[in-house]
Amino acid sequence: MSDESPKPKKVLNKSKVKTPMREQDPAARIFNFEEVPLGYNEQEATGEALRCIDCKDKPCVAGCPVGIDIPAFLQLVGAKDFEGALRKIKEKNFLPAICGRVCPQEDQCEMVCTLNRPDKGRESGGIGRVERFLGDYAMEHNLTITPTVAPSTGKRVAVIGSGPAGLTAASDMVQKGHAVTVFEALHKPGGVLFYGIPQFRLPKEILMREVDGLRDMGVEFVMNYPVGKAESLDSIRERFDVVFVSTGAGLPWFLGIPGENLNGVYSANEFLTRVNLMGGYKFPDGSDTPVKKIKRIAVIGAGNTAMDSARTAKRLQPEVVYLVYRRSRLEMPARVEEIHHAEQEGVEFNLLHSPLELVNDGKGAVGAIRCQEMELGEPDASGRRKPVPIEGKVREFAVDTVVIAIGQGPNPLLTADCPELTRDPKKGTILINDVMQTSLPNVFAGGDIVTGGATVILAMGQGRVAADAMHRYLMTGDPRDPFAQAGGSGVCPNLM
Amino acid sequence: MGNKIVRVQELAPRTRLFEIEAPHIAQRGKAGQFVILRVNDEGERVPLTLASRDPGKGTITLVFQEVGKTTEMLGRLQVGQEIHDLAGPLGKPTEIPTGKTVVCVGGGIGNAVVWPQVQALKEAGNRCIAILGARTKELLILEDEIRALADETIITTDDGSYGRKGMVTHALTDLIEGGEKVDEVITIGPVVMMKFVCRATQPFGIPTQASLNPLMVDGTGMCGACRVTVGGKTRFACVEGPEFDGHQVDFDELITRLAYYQPEERASLDSYHRCRLEAAADRLQNP
């Protein structure tokens, strides 16, 4: 890339803390599905970018699963060259408006940021916030920064599943000059970005814009096409030179306690799909998919999906939203920011409560949830202190809705159709080698179908690594990079 | 990929047959499988079991009854229009034995699915008896199509307006007790009917497959709305079914689950009717 933009002046912002981001007031936002963090304006973004000291080691770049040149784009933002900064990000990441919102930066680039010294009261650079600003800036100014597409190689690539891993692989492969077709089982593209992540965390318009960007680059999207059912993987393998499987972790887990099939009991996937993908919060006038009028709801689990479910529930105006989790706050797997938002919005946390039974209201629907109170004992295999029951302490909460958000497994729709695709016998995840190639040579896989369930950015990172390997496979027949250093590029960072 | 409607046929009051262009579903679909469709961008995802298909022509046939807002809107579509979204074939196909005597018991709109089942059973060299039930004569559908394929066809109507008066279960029991050696029964129709068909075959130890019709959202195993209890275990009808061993199915739970959204479905339909009335009144006033 040739950025001829002027060198930014070194006017550092010496503030110890991140420029705060304005948010919708919790009292107001629980009445709408609008976004909660409002984003930086130009001044705030520039100010925050200038906190970057452009340190020598650039640990943030290594901390980013897709290796964005973070200091470089921050410098450009500091110089108010927003278009140049976007161009810089888009060298590595096609979806800044999405990543700026849903990446767990506090565990990645921002965690390793040289500025990040809590002991000295100093916060990291607000990298995610500036990234999001750029994504939004592009949208507001109708800037389409379409990366250059290499001359056609004549090779055809199929991407199965249009979630974060699939979209990233599609973007990379089309830029490398291959003809890319993305197959999606549902009627909208985006996978979990559409059906899972709520509107108030990732507005669907942003997602659709990013998808349109891919279309502009020549990616073909085929909706309503569940590969494995509509067409066999073998047939796809014949029609295309290489296939990337990114079908996600779309099989919800249940607890296996009595009462789980009562009316009013949902998997988080169903609850979020009804509300997000199907727009059920607009029922009956803007959507035909019903969502019940909820009075009292319990969400079981404490990961990001549980927070999304609880916060979505809150916006349906119930009397109370409980969160039920069998461990303590320390073990909650959700992002700190999500936990904070849920608390701000009045979600009532019942930690160290393990669900025993969902109680029938006498009419076939859930009427209450019975929980065993727990305390923390010795650490278990995962290193977390194991919750143990406190004898005789059982509590019952009256509820009319329960959402089970304890995780999900790999979606079996494709793999069930193709036994030759080797899978982990226990988890059902697709097994891959060091370059994300499956047991079928022209089939690669990445994202949750491989990890079993991780974050959006990890899935995108895998989409990127797989795209590099597939490109080499198409051009040379060997997916490995002969010049790669041990542990260097060409090896999936998250599988080592 | 547009899914154009190429033929519309009214089979009975409020019951329509659509033949739709869908080459890959026509190619891959089998008896017992279903599709999911939407009628517009605000529409719900509705599962419909495949009636027949023509791989040569690249079309599939769906039969539906107008019972709610979505099916009413669907019923208004004409030849040449397209189905907004159509995905499939989903679910597992009916398990088709060979060289057996199989009785297919259908009721109401379920008879549309008996049709491809009888066809598949005959192609696999089975003796096939169809028992088709309807509330009254004018609601009986696809009799000629099924009669042309089955070795024997028995009709029952609740009111006795056609065929034998009474329930399909009586016809089935009489058939078995009359000495017909029945190896297997496949049933599709209203849940209560399927429950009693399964209850009727149980004493005779005749394996009975029931094609279930729970509520679904995505239909691809993602949400679990369609979960049913079979043999004490939770199963997802969309990916593990929709057909299960009828003697193991908890039909009462299925009936309860199917009723959960009835108030919302009614409200949705009422609001749709109101909108149409207002639009009609508006057209009259401002022609």
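The simple spin-label model puts a point 7 Å past each Cα toward its Cβ; for A:Ala150 and B:Asp252 those points are separated by 6.5 nm. With Cβ to Cβ distances under 13 Å as the rule, what net charge do the other residues near B:Lys137 carry (K, R +1; D, E -1)? Residues near B:Lys137 contribute -1 overall. Counting Cβ atoms of other protein chains within 10 Å of each residue's Cβ and taking the mean over peptide A:222-230 gives 6.
So for the range A:325-461, considering every pair of alpha-carbon atoms, how many percent are separated by more than 17 Å? Roughly 72 percent, rounded to a whole number. Over chain A, dividing the summed -39,500 (n - 2.57) contributions of all DSSP H runs of at least 4 residues by the number of residues returns a 222 nm mean residue ellipticity of -8500 deg cm²/dmol. The H on the amide N of A:Arg385, modeled in the peptide plane, is under 5 Å from the matching H of A:Asp380, each at least 5 residues off or on a different chain.
For the range B:59-74, the Karplus equation 6.51 cos²θ - 1.76 cosθ + 1.60, evaluated at θ = phi - 60°, returns couplings of 10, 10, 10, 10, 10, 9, 10, 7, 10, x, 4, 5, 5, 5, 5, 4 Hz by residue, with Gly and Pro reported as x. If you bin all the Cα-Cα distances of the protein assembly as shown at 10 Å, starting from zero, the percentages per bin are 3, 13, 21, 24, 20, 12, 6, 2, 1, 0. Under a 5 Å amide H cut-off, with hydrogens placed 1.01 Å from N, A:Asn263 pairs with A:Ala365, A:Val366 among residues at least 5 apart or on other chains. On the basis of the beta-carbon distance and an R0 of 51 Å, B:Gln81 and B:Thr173 show a calculated FRET efficiency of 0.70. For A:Val324, B:Val114, A:Val66, the sequence from fewest to most other C-beta atoms within 10 Å is A:Val66, A:Val324, B:Val114.
The tail of the calculated P(r) for the range A:84-169 beyond 15 Å holds 68 percent of all Cα-Cα pairs. Pairs of C-alpha atoms in the range A:151-252 farther apart than 22 Å represent 26 percent of all such pairs. Each Lys and Arg Cβ is given +1 and each Asp and Glu Cβ -1; about its Cα centre, the range B:59-147 then shows a dipole of about 340 debye.
As an equivalent ellipsoid, chain B spans semi-axes of 32, 21, 20 angstrom, where each value is the square root of five times an eigenvalue of the C-alpha gyration tensor, largest first.
The H on the amide N of A:Phe221, modeled in the peptide plane, is under 5 Å from the matching H of A:Val182, each at least 5 residues off or on a different chain.
So, in nm, how far is label A:Met111 from label A:Lys295 when the simple model puts each one 7 Å beyond its Cα toward the Cβ? Calculated label separation equals 4.4 nm. Residue order for B:Phe251, A:Phe200, fewest other beta carbons within 10 angstrom first, comes to B:Phe251, A:Phe200. When the dipole is taken about the Cα centre of the protein assembly as shown, and only Lys, Arg (+1) and Asp, Glu (-1) are charged at their Cβ, what size is it in debye, to the nearest 20? It works out to roughly 1060 debye.
When each of A:Thr455, A:Thr401 is scored by the number of other beta-carbon atoms lying within 10 Å, the sequence from fewest to most is A:Thr455, A:Thr401. Residues in the range A:275-283 carry Karplus couplings, in order, of 7, 7, 5, 8, x, x, 5, 9, 4 Hz; the curve used is 6.51 cos²θ - 1.76 cosθ + 1.60 with θ = phi - 60°, and Gly or Pro positions show x. Measure out, as a whole number of angstrom, how far apart the alpha-carbon centroids of the range A:386-449 and the range A:146-166 sit. So the two Cα centres are separated by 27 Å.
Size of the range B:179-287 from its Cα atoms: along the principal axes, largest to smallest, the extents are 67, 37, 20 Å. With just the Cα atoms defining each centre, how far is the range A:222-249 from the range B:90-157? Give it in Å. Taking the Cα centre of the range B:90-157 as reference, the centre of the range A:222-249 is 34 Å away.
For the range B:129-137, the Karplus equation 6.51 cos²θ - 1.76 cosθ + 1.60, evaluated at θ = phi - 60°, returns couplings of 10, 9, 10, 10, x, 8, 5, 8, 3 Hz by residue, with Gly and Pro reported as x.
The calculated 222 nm mean residue ellipticity attributable to helices in chain B amounts to -9000 deg cm²/dmol, summing -39500 (n - 2.57) over DSSP H runs of n ≥ 4 and dividing by all residues.
Spin-label model, B:Asp159/A:Ser328: points 7 Å from Cα along the beta carbon direction are separated by 7.0 nm. In straight-distance terms, cross-link reach from B:Lys122 covers every one of the lysines whose alpha-carbon lies under 25 Å from its own, apart from those fewer than eight places away in the same chain; here that gives A:Lys229, B:Lys30, B:Lys57, B:Lys92, B:Lys100, B:Lys181. Comparing the range A:212-294 with the 2.2 N^0.38 Å rule of thumb, its C-alpha radius of gyration ratio is 1.54 (two decimals).
Every number here is computed from the coordinates shown, using simple stated rules; none is lab data. All values derive from a computational prediction rather than experimental measurement. Note that each Cβ is placed from the backbone with ideal geometry, even for glycine, and that neighbours are counted across all protein chains shown.
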